[in-house]
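Scroll down for the structure; my scribbles are underneath it.
The values are calculated or read from the model by the stated rules, or taken from the named source; none is laboratory data. Treat the numbers as computed from the prediction; the structure is a model and nothing was measured. Because the Cβ atoms are built from the backbone with ideal geometry, glycine has one as well, and the counts that use them run over all protein chains shown.
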Amino acid sequence: MYAIKLPQVIPAAGQPGGPPLPADMHFFGGGKFDVRKVFSVCIRDPAQLEPTMQRFKEVGEEKRKNH
């Protein structure tokens with residue numbers, strides 16, 4: 001388990017110390033998507049964590065086979 005402490009005020013997207021703008025997001029797991037949305041689903045419904053991680057594994061295996 002990990003714990004982090006967020007600042008009192010999170011700067012706006014694109015500002016120093018804030019999250020990137022959607023156009024500036026990096027590739028993660030072979031696709032360009034907002035990982036926060038994926039994990040926010042798991043936070044709201046912990047039963048989704050296992051299927052989500054399984055899907056990450058499947059996608060990773062597919063990518064390895066194709067390269």
Exercise. Could you please tell me which pairs satisfy a Cβ distance under 6 Å, a separation of 6+ or placement on different chains, a first residue in region 1-14 that is of a type in the set (A, V, I, L, M, F, W, C), and a second residue that is surrounded by 10 or more Cβ atoms within 10 Å (Cβ to Cβ)?
Key: A12/G18; A13/P19; A13/L21
Quiz item: Do you know which residues across region 14-32 are under 28 Å from Q54 (Cβ atoms), at pLDDT 80 or above and part of a loop (DSSP other than H, G, I, E, B)?
Solution: P19, P20
Quiz item: Based on what the data block shows, is P11 modelled with pLDDT of 80 or more and part of a helix (DSSP H, G or I)?
Solution: no
Quiz item: List pairs: first in region 43-67 and surrounded by 10 or more Cβ atoms within 10 Å (Cβ to Cβ), second among the aromatic types (F, W, Y) and modelled with pLDDT under 85, Cβ under 9 Å, 6+ apart or cross-chain?
Solution: L49/F39; T52/F39
